[in-house]
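Only one structure is covered here, and it is reproduced in the block below.
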């Protein structure tokens, strides 16, 4: 038989954890976006694994949707970044803290 | 809807609102010419309608008259319900009388359109509060009063007006949170006893008030009590009052002291006693004690004030404590006296603040150390002030005495030592009022010297204006103008009339009060409403035994039909 | 190719061992790619390098998809992510000229980094712990169609998407349109606005006014 | 009987006209208007009296209700008049003396800028006083009670621009308010017990013997009412206001603070006799207060320098006699003395006013002297008043005081001893006064030289400054004769006519209640008010009366002889004028020190520390702590997106932890 599902799930969990950590550690907005992509991929991996485990095509369908949403998100997010950079050279996320109380 | 076919109460509530809108709509260019006449017309029209209401109100009836009820938010049992009974009748009358005086009597500067607009809005809200028969309407109206109150103080007040207005707003608004919770709790908890339907109707809620558990009633009453104690204000919730009154413009002080106080006292009576009688009966002794403490404490604090307006403000604390004392005596005389005190205090304090405002105009200061000997230059002002002072002190023949005496005698019947303690105000009241009068009007004429003392001007709240007016004061102090005399005349007439012939008032109030007390007696066995039959009273000195033994508590006795045996002839024929 | 191969191996009982071994091999390669790439993304200081490492991760994920016989998704993963998204990232990086190295060591808030690392670890542990919980899966038969039935993966996926998942599918379409519109609006330069205004700088960095002013004190 | 309404209505009308007329009613007109109204009231009283006299003695009580005042529940109070022997008797001398003094004031107050205000107060006073007396219930009577207090306030502080007058006015009012406290508490208990304030409900059944009342209740009501009476009548412990009240114009002192208002307490006690009857304790209290006051005030009067203050303390002392009589159960004697006192004390005050008037507002006796040569009418009038007050037969005071002392003897010889001692002192201080004022050297000539600069006592100095107001605008004949240069001169006829009338009354007034020959009109007249169920009758044998009368007269004559002898030439005798007496036993100062010291400090602390710091501070503390918490919490909002993300992450971790623990179990 193929590799047990647990391995995939552990792999996905590790990937998710790395993505989350990276999101919190890095200050470059673009890299933070990449970390989000990592987390999304971890989720996708989980979906596919469960689809196989449960013999359900729905998991793969969900992955398709996540792909679409991720694409849309990246597009809009990058547009925002471009708009921000146009107003000022905000190299990092920490330069923007207008909400400081 | 009404006996005469016109929706009188709706007119009374909405006419000032129309006045507010019209006042605001007058263009700025025409404001100088038109604002005052148009405002006066509205205020007098309102007064006319209220006068018609008073004249048309049937004497000797206990229930609500002129009731007007329309469903508003049906699914929650909220309706636009107005009605008037003996208790609210004269509060409405006083409101309609005091507002024109406050609007057009004292001098005020600034934007006439918005000033009159706020004042009319305030009048409408006050009318709505007094007349509402629906808790939802009551709450909304009660809260609306804060908005114009805030803007009048903050817009036309003294040097520290922003501080005062903010304090006033936050204090009373915090109290309102309790009111809101109490109302919601009452409505929700009462719903199962009303066939599962929520209702905000005062009358329906009162009918089922006995089915509410005792503990719930106490809690709900506490909510009411806190909210209204802040508004009244009862010691120790009073500290917003001196600041607000001192900083408010003369008109604002008149309205705040004359009418806004009464909203709280009225609420205590209408919501507290009427809707949760058992809670009221349980907490009654506490409020009585607070009132008695307030009378003594307020008197002591008032005596030492150094500023005329602050003194009048603190004196108000004593007066309103009398109102609360009367309410929670649970006797016919006490509650009626309390209601009369509400009207009295409106007239007296309204007039007092008006006159204080005139003193301020004349001298540019209100500190006692800078005043004195005014009677020489302003005999008419001094005489009118003296009448008002004597009314406040409780000289028989003026209104203050009737209310005070009824409150005290009514309290004595049920809680005698509280009454004895409260009577001490007769002495202290004379001390601080006459002291103030002496310092302002008697003695040699004092010419205030312009001083650069910052702390001083901050205390009196006069700021830079003082210096400007002082130079004027140094030249020549003139007596009151005819317009000012005309403005205060209605209040004086009320003061004298209620002192000499309060019967017009009492005949209409007493039935409602007795009805209320009968309700309390029936719903709350713990209230110990006396049957005002007095044969069984014994009083032992020095041991204070069971002082009041009244086995027969009959409703008829409560309504005042019964007279002591063998004395009916004299008392009744009268 | 690999997919068909492995599918054939699964069908063939005699080749079970081989299939088993190859599946493990694929998994291991994919896992290594994924972890290396992810580590590269979060640790490399140059954004361009990070983007390239992201590609490695995406390819690794695609490998795992193949290993799990999600052929279509593997293809889409490579086309959309590696082909479009990462290119977009690189384009923006180059376009904006922000391929400067980031000083990862410097951190304005002290606790941020250790806490973040700790949190990542705890999340990992918790997820693993949760994966031990098995009573959430009901084991009920699939609702949206079986995965292992006849027909190839693309056919079954298409069947599901255009029948049971039609409405969500349409909504993703709407979402994409909205995203396009949003992008156009966001990137459009408003007329007359200066390229980089000092005022904008102040606004965004929160230094427009001293916040102490707005205190309400009683 | 409808004339009764006129008794009340005429002074009221006069007061209202003068109030609204204000300064438009000029100098003499308002005075004459007020006099006419008072006289009309007197005439109406006489008519009512005559009508009552025409009735059998058992039906001489008529109630007339005007309208209902306060109807609330069982409380039912009316404006109503009761016309009975007691109220009519009081009304007679109030309106009678009131008319004379109003007339006297026309001359005395001439030229005062607030002339009509003065007469407004006088008429208002007479109105209030007749209300007090004629009311048919306690509450309406209380209205008059407070009304006279208000008029007293206005008249004592009439020259308001001098501080001493303003302070004295306030002190009088506030002290009376202490008494009102007692009055009001008595009213509450009366309502709680009887359900009414009407004399016909409260008193009539008791007086008729139909009802009884528990001793404790009777004591409490009586004691509380006596507290009111004590304040109004300036008895121990609330007498301090009366000497200060001499700051008012002299006619006011004569009318309000000697003849009428201060006897209101006597009236109240007489009226309440049916209740007091049930309380021996209360009777003892009243008698003791009376005896104590009459002696204490007499001692103080011996050393006063101010001509009016001597008379003021004398008034306090004499009212003590009235209380003594009432406490001893002989109400008629008390009332008899009240009426006689009204005559001779009004006479003394008016004569003193004439003296002051003649000396341009000099009130210090030490700066008078030898005035008998300059005041041909005032001098004999003053002497008549002096003899009457000193209880020298056959003048008024002798007869009435004799009856009072007989009653006191019956009650207790100790009380009697106080009374007799006070009688001796009275004769002494009055002869001292007469000596200082009318004999000796003309010290006013030198005094006039350093007029204003001098001033041993604050009061005479205050008198100077106060009256300079009137003097500036031409104060009657004083202004004409010029300051200090001209000799003292007799007052105008409007002032002397009342003097003469009162002097005649002081000489022959005693015939109204002579103890012999069936002339005891007052006793007979009042008999229906004080039946045996109200005042237990007692008789003192004629022999005892003789003895007592002779002893008392001996004391009086001794005092008179001592006073006349010791003060024949001396102006100052420090040994006889000890400071503690001049300072009235330091009682007033002691109270003032207590009030302005610790009490004021406590009040100040309440006002400016407790209220501002604690009560307000508590509330502000809540607000401040909320603001402070906000200020601290604000730091969490760094504005860094990653911090927020971390917070979200931590929250997620916590939720996941919870879920895994719960789900794992």
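Per-structure values
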item: Taking only Cα atoms of the stretch B:266-383, radius of gyration then Dmax in Å; result: 17.7, 56
item: Shielding by partners, peptide C:155-167 (average Cβ within 10 angstrom, other chains); result: 2
item: Exercise: per-residue mean of other protein chain Cβ atoms within 10 Å, D:179-189; result: 5
item: Ellipsoid equivalent to the stretch D:507-640 - semi-axes via the Cα gyration tensor, in Å; result: 74, 30, 11
item: Globularity index of the stretch D:233-357, i.e. its alpha-carbon radius of gyration over 2.2 N^0.38 Å; result: 1.03
item: Förster radius 35 Å - calculated FRET efficiency between residue A:6 and residue C:173 (Cβ-Cβ, nearest 0.05); result: 0.45
item: Distance (nanometres) between label positions extended 7 Å along Cα→Cβ at residue D:47 and residue B:61; result: 4.5 nm
item: Value of D in µm² per second that Stokes-Einstein yields for chain B, Kirkwood Rh from Cα pairs, at 25 °C (0.890 mPa s); result: 102 µm²/s
item: Extension reserve of the residue B:486-residue B:76 stretch, reckoned as 0.36 nm per residue once the Cα distance is removed; result: 142.8 nm
item: Extension reserve of the residue B:218-residue B:191 stretch, reckoned as 0.36 nm per residue once the Cα distance is removed; result: 8.0 nm
item: Relative contact order computed over the stretch B:342-456 (Cα-Cα under 8 Å; 6+ residues apart), in percent; result: 37 percent
item: Inter-probe distance in nm under a simple model that places probes 7 Å from Cα toward Cβ, at residue D:633 and residue B:52; result: 5.4 nm
item: Three-way shape label, the stretch D:196-267, alpha-carbon gyration tensor, a/c 1.5; result: prolate
item: Cβ-based exposure ranking for A:14, B:92, in which fewest neighbours within 10 Å come first; result: A:14, B:92
item: Measure of compaction for the stretch C:24-74 (Cα Rg per 2.2 N^0.38 Å); result: 1.17
item: Packing-based ranking, highest mean first, of D:66-77, D:240-251, A:44-55 given that Cβ atoms within 10 Å are counted; result: D:240-251, D:66-77, A:44-55
item: Relative contact order of chain B, pairs being alpha-carbon contacts under 8 Å that are 6 or more residues apart, as %; result: 15 percent
item: Cα long-axis angle, helix D:378-389 against chain D (0 to 90 degrees, to the nearest 10); result: 70 degrees
item: Computed lengthening from residue D:622 to residue D:544, 0.36 nm per intervening residue step minus Cα-Cα distance; result: 20.1 nm
item: log10 of Debye I(q)/I(0), alpha-carbon scatterers only, for chain D at 0.05, 0.07, 0.09 Å⁻¹; result: -0.28, -0.47, -0.73
item: Pair-distance profile P(r), taking every C-alpha pair of the stretch D:1-58, with 10 angstrom steps and integer %; result: 24, 40, 21, 11, 4
item: Protection proxy ranking of B:322-329, B:435-442 - average other beta-carbon atoms within 10 Å, highest first; result: B:322-329, B:435-442
item: Average other protein chain Cβ within 10 Å of Cβ, residues C:58-69; result: 5
item: Calculated FRET efficiency for the pair residue D:27/residue D:373, C-beta based, R₀ 25 Å, to 0.05; result: 0.20
item: Degrees between helix B:379-393 axis and first principal axis of chain B (Cα, 0 to 90, nearest 10); result: 30 degrees
item: Distance histogram in 10 Å bins (all Cα pairs of the protein assembly as shown, percent per bin); result: 1, 7, 13, 15, 14, 12, 9, 7, 5, 5, 4, 4, 3, 1, 0, 0, 0
item: Taking N as its residue count, the alpha carbon Rg of the stretch D:594-664 over 2.2 N^0.38 Å; result: 2.30
item: Spin-label model distance (nm) - residue C:166 vs residue C:154, 7 Å beyond Cα toward Cβ; result: 2.3 nm
item: Chain A - Rg over Rh from alpha carbon coordinates, Kirkwood radius; result: 1.11
item: Calculated FRET value between residue B:424 and residue D:212, using beta carbons and R₀ = 30 Å, to 0.05; result: 0.40
item: Degrees, to the nearest 10: B:86-104 long Cα axis against longest axis of chain B; result: 10 degrees
item: Residues D:635, B:270 arranged by fewest to most Cβ contacts within 10 Å; result: D:635, B:270
item: Cα gyration tensor shape of the stretch B:1-107, rounded if a/c is under 1.5, else prolate or oblate by comparing a/b with b/c; result: oblate
item: The protein assembly as shown, helix-only ellipticity at 222 nm - DSSP H runs n ≥ 4, -39,500 (n - 2.57), divided by all residues, nearest 500; result: -22000 deg cm²/dmol
item: Percentage relative contact order, chain D, counting C-alpha pairs under 8 Å, at least six apart; result: 13 percent
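Laboratory data are not the source of any read-out in this text; all were calculated from the coordinates shown. Note that this is a predicted model, so its numbers are computed, not measured. Don't worry about glycine lacking a Cβ; one is built from the backbone with ideal geometry, like all the others, and counts go over all protein chains shown.
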